[in-house]
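Notes follow the structure.
What follows is calculated from the coordinates using simple rules that are stated; it is not laboratory data. Since we're looking at a predicted model, the values are computed, not measured. So basically every Cβ, Gly included, is an ideal-geometry build from the backbone, and we count neighbours across all protein chains shown.
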Amino acid sequence: MSDNTILEQMIRKLRTRGDLDEEDCSAIRALNPVRRVYEAPAYILREGEPPRRTCSFVISGLAFRQKLAANGARQIVSIHIAGDFLDLQHLFLHTADHSAQALTLLECAEIDRDALQQIVMERPAIARAMWVDALVEGSIFREWILNIGRRDARTRVAHLLCEFALRMEAAGIAEHHRYDLPMTQEQIGDAVGLTPVHVNRTLRALAADGLIRREKRHISFASWEAIRNVADFSALYLHLDQASSRED
């Protein structure tokens, strides 16, 4: 993928977050991204270290953010897909407060941090688009806290599956609520606060009840309304109206 193609992908994403004029787009096109590929589970960012001199924009593949407890227990706090920025949170911070790793083979555009800081300070529309993107991430974080803290295992797992369906569709990498979920049961468990055994049992129960279909890592739903009801799922927190006019 050429630098121009990468930057056009970034422009398309930011235009889902705000109105950019041609001068804004030209400023983005003047950036000099460096394409980098990470093999899973390589670290892109490590908690406690100074942020890198670049910020990552996901071109393809999946990544996840995580935090570790003192006893080594891991909590996955978010999943990131094509079109997501991985570390805008650290654009103006001095120390990384979490780690980010490749979940699959991950291709990123690495953008110079100083150049991004400059473009944010000089182009208000770009700053607003990136701010909206960070606000949507915050909304998703809040929903994940609710999911882990106040929903049972069946609802937690179903909710996660529903979220991935809509986010992947919005990113253009899935359709009709069908997608590949390249996560182990341990990783799903770390995202929803369950053991791998409990995740396995829950997935089997959802499949036995006809709510999901699984073929290896391919996920689909017999009835979107049925799985939404089980998942206590509303797409409001995803703010998809920022990306399209489609109602879910």
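Brief remarks on what is shown
- With contacts taken as Cα pairs under 8 Å and at least 6 residues apart, region 156-248 reaches a relative contact order of 32 percent.
- Once the Cα-Cα distance is subtracted from the 0.36 nm per residue extended length, the R15 to A208 segment shows a gain of 65.3 nm.
- Whole-number D in µm² s⁻¹ for region 151-242, Kirkwood Cα-pair radius fed into Stokes-Einstein, 20 °C, 1.002 mPa s: 162
- Each Lys and Arg Cβ is given +1 and each Asp and Glu Cβ -1; about its Cα centre, the chain then shows a dipole of about 880 debye.
- Unit charges on C-beta of K, R, D, E only; dipole of region 151-242, Debye: 320
- Extension gain, I148 to D232, is 29.0 nm, computed as 0.36 nm per intervening residue step minus the present C-alpha separation.
- Acute angle (nearest 10 degrees) that the helix 153-170 long axis makes with the longest principal axis of the chain, alpha-carbon atoms: 40
- Within region 124-221, none of the GluC sites (Glu not before Pro) combine a DSSP coil assignment with at most 16 other C-beta atoms in a 10 angstrom radius.
- Here the Kirkwood formula puts the hydrodynamic radius of region 172-212 at 11.3 Å, using every distinct Cα pair.
- Shape call, region 100-154: gyration tensor on alpha carbons, a/c limit 1.5: oblate
- In degrees, nearest ten, helix 124-150 long axis to first principal axis of the chain (Cα): 20
- Region 24-74: equivalent-ellipsoid semi-axes (sqrt of 5 x gyration tensor eigenvalues, Cα, Å): 28, 14, 10
- Three principal axis extents describe the C-alpha atoms of region 3-134; from largest down they are 50, 27, 23 Å.
- Tilt relative to the chain, helix 113-122 - C-alpha long axis, 0 to 90 degrees, to 10: 70
- Mean separation of Cα contacts under 8 Å, 6 or more apart, over the residue count of the chain: relative contact order %: 20
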